[in-house]
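Novice: To start, I am sharing the structure in question, which I have written as structure tokens.
The values are calculated or read from the model by the stated rules, or taken from the named source; none is laboratory data. Model, not experiment: these values are computed from the prediction. Quick reminder, even Gly has a Cβ in these numbers, built from the backbone with ideal geometry, and neighbours come from all protein chains shown.
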Amino acid sequence: MLAALFIQGGVNALRAPQGHVEAARPVLDAVSPAVDKAVEVAPIDHRPDDEMLVKIDAGVKIVAGSMLALGKFPRLASTALAASLIPTTLAAHRFWEETDEGRKAEQQIHFLKNLGLLGGLLIAAADTEGKPSLAWQGRRAARRASARLADLTDSTPDLGDRLSATAHDVSERVGGVAQTAGGAVSGIAAGLVGAAPGAGAAVSARASRAGEVLSARAGEAGGLLSSRASEVSEVVGKRAAKAAKQAEKRRAAWEKEAEKRRAELVKRTAKQRKQLAKQAARTRADLEKKAPKVLDSISTQAAALGHEVAGRASVVGHEIAHQAEGAAKDARKRVHALTG
């Protein structure tokens, strides 16, 4: 859906390029110095006219939009569409130059709409769909190389061979990335050939040459890594010996510090033990002094409690006897009344 708008715009530009040339005139005039400098280093005889530049832009929109719609190189296609959307927006929706308020509001809406499309394209260009990006692959290769160098410090004898293998691995990865980038650029250039023959052929040639240059540089990088493997091996060996000496010094210092702290701990423990023994003796003496007083107090309280219990028992006994005597009298009176 995002690509449909660009494909339709590119087709309209190819059908009526002259109208788009007039609309893009301010932007074309502004970027003409940059185009002239690009032409000087490009393998073409003369600078393309404005209509040809518009056709090239339209071809980029059609090819990149089709690639994005079909899911072929979506990140590269999104980047190309984002690059073509910027000059299109600046050329067709210059709302700050409008004097009519209605026309100005309309152009401003279109300008903000294109900004939203640009944001979507940038998100699509950064989306890896869960696949590792080229930057991630580069960082991963660097981390793996660093990890291998760290591991190789423990196996110095075969360090040169393993570094050569690492260099060969990095070289193959860089070559693969270069071939991928060259193939992607060549695909876009091939799409441009149908829309703009002269410029498309030039871009295709430059893309192929860029791929060859990248592949050559990848080979050079691999050779350079291989040639520096022995140097790195020697450096790593020296650093390993130096690290071993430093580790030995640190171990001796740590043992000395540990012995010192152990002696301090023993001294501190003995001092605390003596303090605890003194405190326990004082506490025992205090308890021995307070014990007779506590026993006398307990005995006094027990005697008072016994007297109080005995008194209450006597009172309860008298009351029970009195109640029993009254009950006996009542019983005799009832028996006498029944017999009389």
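Novice: Residue by residue through region 91-103, note down the ones that are surrounded by 14 or more Cβ atoms within 10 Å (Cβ to Cβ), in a helix (DSSP H, G or I) and of a type outside the set (F, W, Y).
Specialist: A91, A92
Novice: Further question: Under 6 Å between Cβ atoms, which residue pairs at least 6 apart in sequence (or on different chains) link something in region 316-340 that is surrounded by 10 or more Cβ atoms within 10 Å (Cβ to Cβ) with a partner that is among the polar types (S, T, N, Q)?
Specialist: none
Novice: A follow-up question, please. Does A145 satisfy the condition of being modelled with pLDDT under 85 and not assigned by TED's automatic domain parsing to the domain that holds V11?
Specialist: Numbers: modelled with pLDDT under 85: yes; not assigned by TED's automatic domain parsing to the domain that holds V11: yes.
Judged against the criteria, A145 is a match.
Novice: Please indicate, with yes or no, whether at least one residue in region 27-38 is under 23 Å from Q108 (Cβ atoms), in contact with a helix residue (DSSP H, G or I) (Cβ under 6 Å, 6 or more places away or on another chain) and of a type outside the set (D, E).
Specialist: yes
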